[in-house]
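Participant: One structure, as structure tokens, below. Some questions next.
Just so it is clear, none of the values below were taken in a lab; they were calculated from the coordinates. Given the structure is predicted, the values throughout are model-derived calculations rather than measurements. A quick note on method: Cβ atoms are made from the backbone with ideal geometry, for glycine too, and the neighbour counts reach across all protein chains shown.
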Amino acid sequence: MFKVAEPLRTLFLVPAVMTLRTPLLLAEAGRPLDERPESTTAFSEKIIAAQVGMWAGTMAYVIRAAWLPYDLMAGRSVESTLEAAQKQAARQAMAPANRQVRKNYRRLTR
């Protein structure tokens, strides 16, 4: 069969997590702000995943930029090096969100 990349497999879990989380969020809608654990958790998870993803993506670019002279001396073109940097940065930036989606799916399906 087809091999699906890890980020795409996680992407398929997003609708399931949204479906499982929606009733919990609706049940908390009438409560005071300090009594909404699922809402608070959902918001903080997204902020943390975005922050960590931003730093991970930036660091991937910095690391590839540091290796650029070595790649050029090895005979690789600038385009292929930058393409590899973009792929690595995107993979690293999405990794925290992917981990969080898998973690939420496991927690909500118990």
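Participant: Of all residues in the range 59-100, which are under 30 Å from A49 (Cβ atoms) and basic (K, R)?
Facilitator: Residues satisfying the conditions are R64, K87, R91, R99.
Participant: Going through the range 56-110 one residue at a time, which ones are under 23 Å from L11 (Cβ atoms), without any contact (Cβ under 8 Å) to a residue 60 or more places away in the chain and basic (K, R)?
Facilitator: K87, R99, K103, R106, R107, R110
Participant: Considering each residue of the range 22-40, count those that are over 18 Å from T109 (Cα atoms) and among the polar types (S, T, N, Q), and give that number.
Facilitator: The qualifying residues number 1.
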